[in-house]
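Below: the structure, in structure tokens.
The values are calculated or read from the model by the stated rules, or taken from the named source; none is laboratory data. The model shown is predicted, which means the values in this text are computed figures rather than measured ones. Cβ: placed from backbone, ideal geometry, glycine included. Neighbour counts: every protein chain shown. Accessible surface is based on the protein model in full, side chains and every heavy atom, while ligands, DNA and RNA are left aside. Shrake-Rupley method; radii C 1.70, N 1.55, O 1.52, S 1.80 Å.
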Amino acid sequence: MKYWKQDDFDDFRCIAGACPESCCAGWQIFIDQESLEKYRAFPGPFGERLRGSIDWEQGRFLQDGPRCLMLNGEGLCDLQTAGGEQSLCQTCARFPRHMEEYEDVREYSLSLSCPQAAKMTVERSAPLSFTVTEDQTEDDPEDYEDFDDLLYDLLCTARDLLYKTAEEKRLPLQLRLDLIMQTAGQLQDCYDRDHFFDMDHVLEAAGKQLDRLAAAAGDPAQIEIICAAEGLDRESLEDAVRDFQLLYHMEMIHPDWISVLNRTGEAVLTDEDAWQAAMDPDAETERAAENILISLLYTYFCGAVYDGQIRAKAAMAVYSLRWVLMVTAMYRQEEPGAGYMQLMEKALWQYARQVEHSDQNLDAVDIWFGEAPL
């Protein structure tokens, strides 16, 4: 078994009551079977309260509005106070630690919906990187009978190229995002036509294209000539307005999110200059944008091995970053005295909670970008 981790995975520490918004609010917390049995036998008056705070049919904690019934007024978990960390169900004990499973591979990351994880991602000065360890453990082949090893290997190779594209600082950030979407779209076309072996050619051509554009850095006219000659679709304000509408069609996890969307649309998407400024972070904050992009590519892209949604998984990373930049720009107008990084952190975890805490919303991204024209 190979175990991949983002390099700061083990550095995460919950900041508990200092957190700007508890992870115990704004989503349904489902309970694993082992914890349910433990809660049935929890002693004393608190045990009675605990059992009355569970929807036993659904296997989840009940809520008071958006808040878990175990969450007290100080933003702390009464269950953890009463029974210690070992009393937490798997969902609560692991968050924001996230794992993706592939045959004989486990990939660990930190969910950006956690304010502290968002802060770690935005404020780090070094590129986000990953470590790998290995042991003799193997998955049961019967559990992965339908796993496509060839496609998974191709996706891993593609993801490495997308990382390289994300970090090509000689090119404007939005051009890099357009290149990622072009590569993913071409891979999707190969997949849809069952031309798997053409994917290697797509990746080779995309790598050469990236090199040509990087070599032309500093000459905008030459870059535009290359983009036009190779049919690269560039994101426009019209495109941005269209795709921003997806966020309105999602399940609303936090009641204030509609207001955030409305204010962002008004501040950023009604003016070409405002939108261009939002999409072009300065050098100081560009690294933060790159780290967000790479984190999302790492978490989601290779999941296409299970559903074939290559383009949509790339879009999950690309458009999430674009939307976070838009929300950050809105907050910057509203809070001109606040630091850009702090505003980006807030925009990041608020956005991520809307998407990552809802399977319905994750599916909406797949459907929207899976059906969208290239």
Counting Lys and Arg as +1 and Asp and Glu as -1 over every other residue whose Cβ sits under 13 Å from the Cβ of Lys313, the net charge comes to -2
Here the percent of antiparallel bridges among DSSP beta bridges lying wholly in the chain, to the nearest 5, is 80
For the chain, the longest principal axis of the Cα atoms and the Cα long axis of helix 340-356 enclose an angle in degrees, to the nearest 10, of 70
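Rounded to the nearest 0.05, what FRET efficiency is calculated for Ala283 and Ala229 with R0 set to 41 Å and r the Cβ-Cβ distance?
Working: r = 29 Å, r/R0 = 0.70.
Once the sixth-power term is evaluated, E becomes 0.90.
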If each part is reduced to its alpha-carbon centroid, region 38-66 and region 297-344 end up apart, in Å, by 35
In region 331-374 the accessible area split gives carbon plus sulfur, as whole percent at 1.4 Å, a share of 51
Probe 1.4 Å, heavy atoms of protein chains only: per residue, the accessible area of the chain in Å² is 47
Rounded to the nearest 0.05, FRET efficiency between Thr270 and Lys164 (Cβ-Cβ, R0 30 Å) equals 0.30
Share of accessible surface on carbon and sulfur in region 176-310, whole %, 1.4 Å probe and ligands ignored, is 50
Cross-link reach from Lys2 to lysines, straight Cα distance under 29 Å and at least 8 residues apart if same chain, gives Lys119, Lys164, Lys313
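Which of the peptides 76-82, 175-181, 290-296, 138-144 is most tightly packed, and how do the rest follow, judged by the mean count of other Cβ atoms within 10 Å per residue? Can you show the working numbers first?
Numbers: 76-82: 17.9, 175-181: 22.6, 290-296: 24.4, 138-144: 10.3.
Result, highest mean first: 290-296, 175-181, 76-82, 138-144.
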In region 189-233, the chymotrypsin sites (Phe, Trp or Tyr not before Pro) that sit in a DSSP loop and have at most 12 other Cβ atoms within 10 Å of their own Cβ are Phe197
Rounded to the nearest 0.05, FRET efficiency between Cys19 and His201 (Cβ-Cβ, R0 35 Å) equals 0.15
Carbon and sulfur atoms account, in whole percent of the 1.4 Å probe accessible area of region 7-162, for 47
Nearest 10, in degrees from 0 to 90: the angle of helix 310-334 to the longest Cα principal axis of the chain is 80
